[in-house]
Each structure stands twice: as structure tokens, then as C-alpha cells.
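What follows is calculated from the coordinates using simple rules that are stated; it is not laboratory data. This one's a predicted model, so the numbers in the text were calculated from it and none came from an experiment. So basically every Cβ, Gly included, is an ideal-geometry build from the backbone, and we count neighbours across all protein chains shown.
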Amino acid sequence: MSQDDHREGIGGMINPRRYGIERVAYLLMRLSGLGLLAYFIGHIYETSNILRGQVGWDDFMDLISGTEGHIIMSIVIAMCVFHTVNGVRVMLGHGGMGVGKPARPDYPYDPASQNYKHKIGIYSAIVLAAVAMMYGLAVMFGE
């Protein structure tokens with residue numbers, strides 16, 4: 001096997017078939033964190049438009065009150081819910097809750113920390129984020 005066979009780059013890192021749902025949760029956690037950071041910066045810019053007076057504020061509100069603005073806000077809602085729920089799951093795991101008993105690492109090693117409780121937490125975070133996004137869309141589009 002040559003040296004180049006081990007260089008898959010970012011494509012190998014984000015391949016969900018290779019590592020399972022834990023890798024998907026890791027990737028979504030990082031992406032949602034970056035998305036929330038971008039939203040935070042945009043929110044500061046948006047809120048500072050009030051300094052331009054009523055006309056500036058109304059112009060910006062017209063820009064984000066359309067369909068595109070509502071879709072972006074629903075994605076922000078989903079990112080916030082997923083990041084929060086998955087973060088609580090990670091904190092509980094770091095605190096030792098739901099991790100399982102440590103065992104002797106005989107081959108093939110099955111880590112006790114990656115058990116069904118944590119997988120249920122990951123799936124719950126994804127489902128809650130999807131439900132929150134759909135609820136946000138229903139509220140914003142008035143249905």
C-alpha cells in the first residue's frame with residue numbers, strides 16, 4: 001500500500017459510511033457552530049441598522065422578511081436546537097452519564113462510550129432540530 005492511499009482529505013473525514021452516526025454528529029456540531037457564529041455576526045449587523053433611522057430599519061426588514069429570509073431563519077432555528085441538544089448529550093457523556101462500564105480492551109474493541117444511549121441522543125437531536133425547523137417555517141409563513 002502506497003503513501004497516497006492514506007490521503008483522502010476532507011472527503012475521507014466526512015464520509016458517514018466509514019465511521020457511523022458519531023462522525024455525522026461531530027460534523028454537524030462543527031457546522032452548526034460555525035453557522036451560529038455567522039448568524040451572530042449577521043445579527044449584530046442587522047441590529048446596527050437601527051442607527052440609520054426608521055428608513056434604514058424598514059429597508060433591512062423588507063430584505064429579511066421575504067421567503068429567503070424565512071428559510072434562513074428556519075435553518076438557524078434547526079442549527080440552534082441541534083447544537084444545544086447535542087451539546088447537552090456531549091456534556092452528559094463527559095460527565096460519565098450513559099457511558100457504560102469500562103472493560104478490558106480485547107480485540108475487537110467495542111468502546112463502551114459509543115453505546116445505544118448516545119446514538120439515541122444523536123438521533124433525538126436531529127429529530128428535534130427538524131421538528132423545530134418545521135415549526136419555525138409554519139409560524140413564519142403563517143400556516
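Got the relative contact order for the chain handy, in percent, Cα pairs under 8 Å and 6 or more residues apart?
Values: 88 pairs, mean separation 39.9, N = 143.
Computed value for the chain: 28 percent relative contact order.
Top mean-square fluctuation among Ala103, Ala112, Ala130, Gaussian network model of the chain, C-alpha springs under 10 Å?
Ala103
Based on DSSP H runs of at least 4 residues, each adding -39500 (n - 2.57), what is the mean residue ellipticity at 222 nm of the chain after dividing by all its residues, to the nearest 500 deg cm²/dmol? Walk me through the intermediate numbers first.
Details: 6 runs with 102 residues, N = 143.
So the helix-based figure for the chain works out to -24000 deg cm²/dmol.
What ranking, highest mean first, results for peptides 36-44, 120-128 when packing means the other Cβ atoms within 10 Å averaged over each residue?
Details: 36-44: 12.3, 120-128: 16.7.
Ranking the peptides 36-44, 120-128 by packing returns 120-128, 36-44.
When the chain is fully extended, how far beyond the present Cα-Cα distance does Met61 get from Phe40, taking 0.36 nm per residue of separation? List each step's numbers first, then the result.
Details: separation 21, 0.36 × 21 = 7.56 nm, distance 1.68 nm.
Full-extension gain reported as 5.9 nm.
May I ask you to list, by number, the DSSP H helices of the chain whose Cα span along the axis is at least 30 Å and whose average Kyte-Doolittle hydropathy reaches -0.5 or more?
Details: long enough: 21-48 (40 Å, 0.79); 67-94 (40 Å, 1.11); 116-140 (35 Å, 1.28).
Those that pass (Cα extent of 30 Å or more, hydropathy at least -0.5) are 21-48, 67-94, 116-140.
Quick one: putting +1 on the C-beta of Lys and Arg, -1 on the C-beta of Asp and Glu, what dipole do you get for region 1-140 around its Cα centre, in Debye to the nearest 20? Could the numbers behind the result be given before it?
On the way: 11 positive and 11 negative charges, 149 e Å.
It works out to roughly 720 debye.
Give, in whole angstrom and from largest to smallest, the semi-axes √(5λ) of the equivalent ellipsoid of region 36-110, with λ running over the eigenvalues of the Cα gyration tensor.
On the way: eigenvalues 416, 32, 15 Å².
Three semi-axes, in Å: 46, 13, 9.
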